[in-house]
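The values are calculated or read from the model by the stated rules, or taken from the named source; none is laboratory data. Treat the numbers as computed from the prediction; the structure is a model and nothing was measured. Here the Cβ positions follow ideal geometry from the backbone for every residue, glycine too, while neighbour counts run over all protein chains shown. All accessible areas refer to the heavy atoms of the entire protein, side chains included, with ligands and DNA or RNA removed. Shrake-Rupley method; radii C 1.70, N 1.55, O 1.52, S 1.80 Å.
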Amino acid sequence: MNTVFILSLIKKNASIVDIAWGPGFVLVVFVHLLKDRLKHQSVDPRQFMIAALIAIWGVRLAWHIYKRNRGKPEDYRYAHWRQKWGKKFIFRSYFQIFLLQGFFMLIILTPALLALNSRGQRAGLLEFSGLVIWLTGFIFEAVADAQLWQFKKNPENRGRIITTGLWKYSRHPNYFGEALIWWGIFLIALSAPFGWLGIISPLLITFLLTEVSGVPLLEKKYRGNPEFEAYKNKTSAFFPWPPRRSERHDD
């Protein structure tokens, strides 16, 4: 995160921290695996599973955010803070954006690190259940991101709210998928020694997405928009659920 912070100063764009988020997880995991290989230790099935799942998630997310931000100015959140904090932006952004995200990264990685530091575990029912939950979350996140990307590519949709596909059942299906991914990782790691401590990971990411930097921050941007208010009244905020009766009747 220190390296990303320096790059952000050179580019004068703090948005690159979003691109670095996923690869940061991948880097931490593979440093742990490399440490084992240097000790001539083999990777057991559970370690391999967790490393592979985090790598798939991290690379896809980074590519999606890079593609979304390419050629665009600094994200409105960071641009707002840059203006609000003024001369203190460099100092505050270092601690409140970059180091804070690095701290959250390590907390969210807790179950993965517990599993990577234990050995000799075969994949069983818990691991299989976690894999199914992870896969469900990954599909939700990837499909929702792709649907939103296609929607925004159409110039006719500028300023409009997507209400189709998975977005018909949740106002934030990609965030729901993200939370499921980490509940799945937690289950895969649960049988590791002290694996239960890893529950801090899905609890934290779910809290951040639903109460802090996810749903509230994004919806604040659309507050007062008549189309969004109508969509909000009919559609679940987080958990996918059939639209309220009024929307089904209109359809």
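Quick check on the stretch 15-109: take the gyration tensor over C-alpha atoms, sort the square-rooted eigenvalues as a ≥ b ≥ c, and tell me if it's rounded (a/c under 1.5), prolate or oblate.
Verdict is prolate for the stretch 15-109.
Can you give the extra length, in nm with one decimal, that the chain gains between Trp241 and Val59 once fully stretched, where that is 0.36 nm per residue apart less the Cα-Cα distance?
Length difference between fully extended and current span is 62.6 nm.
Quote to one decimal, in nm, the extra length available between Leu197 and Leu125 on full extension: 0.36 nm per residue of separation minus the C-alpha distance between them.
Gain in length upon complete extension: 24.0 nm.
Using a probe radius of 1.4 Å on heavy atoms only, what accessible surface per residue do you get for the stretch 1-82? Whole Å² is fine.
Normalised by residue count, the accessible surface of the stretch 1-82 is 56 Å².
Say we join alpha carbon atoms closer than 10 Å with springs in a Gaussian network model of the chain; which of Phe151, Phe140, Phe238 then has the biggest fluctuation?
For the chain, modelled as a Gaussian network with Cα springs under 10 Å, the answer is Phe151.
So, in nm, how far is label Ala230 from label Gln150 when the simple model puts each one 7 Å beyond its Cα toward the Cβ?
Once both label points are built, they end up 2.3 nm from each other.
How big is the charge dipole of the chain about its Cα centre, in debye rounded to the nearest 20, if each Lys and Arg gets +1 on its Cβ and each Asp and Glu gets -1 on its Cβ?
Using only the charged Cβ atoms, the result is roughly 840 debye.
Convex hull volume of the Cα atoms in the chain, per residue, in Å³?
For the chain, the hull spanned by Cα atoms encloses 137 Å³ per residue.
Tell me, what are the semi-axes, in whole angstrom and largest first, of the equivalent ellipsoid of the stretch 157-251 as set by the roots of 5 times the Cα gyration tensor eigenvalues?
32, 15, 9
What is the helix-to-structure angle for 45-69, meaning the angle in degrees between its Cα long axis and the longest Cα principal axis of the chain, kept from 0 to 90 and rounded to the nearest 10?
30 degrees
Please enumerate, by chain and number, the lysines with C-alpha under 20 Å from the C-alpha of Lys12, excluding those fewer than 8 residues away in the same chain.
Lys67, Lys72, Lys84, Lys87, Lys88
Would you work out which of Trp183, Leu34, Ile133 lies farthest towards the positive end of the dipole of the chain? Charges go on Cβ: Lys and Arg +1, Asp and Glu -1.
Leu34
For Arg77, project a label point 7 Å along Cα to C-beta. Then give me every residue of the stretch 174-193 with its amide nitrogen under 13 Å of that point.
175
Are there any trypsin sites (Lys or Arg not before Pro) in the stretch 124-233 that are in a DSSP loop and have at most 12 other Cβ atoms within 10 Å? List them by number.
When the trypsin sites (Lys or Arg not before Pro) of the stretch 124-233 are filtered for loop state and at most 12 Cβ neighbours within 10 Å, Arg158, Arg223 remain.
State to the nearest 20 debye the size of the charge dipole of the stretch 132-201 about its Cα centre, where the only charges are +1 on K and R beta carbons and -1 on D and E beta carbons.
Taking the Cα centre of the stretch 132-201 as origin, the dipole is about 340 debye.
May I ask you to work out the translational diffusion coefficient for the stretch 88-182 at 37 °C, viscosity 0.692 mPa s, via Stokes-Einstein with Rh from the Kirkwood sum over Cα pairs, reported in whole µm²/s?
200 µm²/s
Label-point separation (nm) for Val143 and Ser42, each offset 7 Å from Cα along Cα-to-Cβ?
About 3.8 nm separates the two model spin labels.
Stretched out fully, how many nm does the piece from Lys221 to Asn117 gain, at 0.36 nm a residue minus the Cα gap?
33.3 nm
Where the only charges are on Cβ atoms (+1 Lys, Arg; -1 Asp, Glu), what is the dipole of the stretch 51-133 about its Cα centre, to the nearest 20 debye?
480 debye
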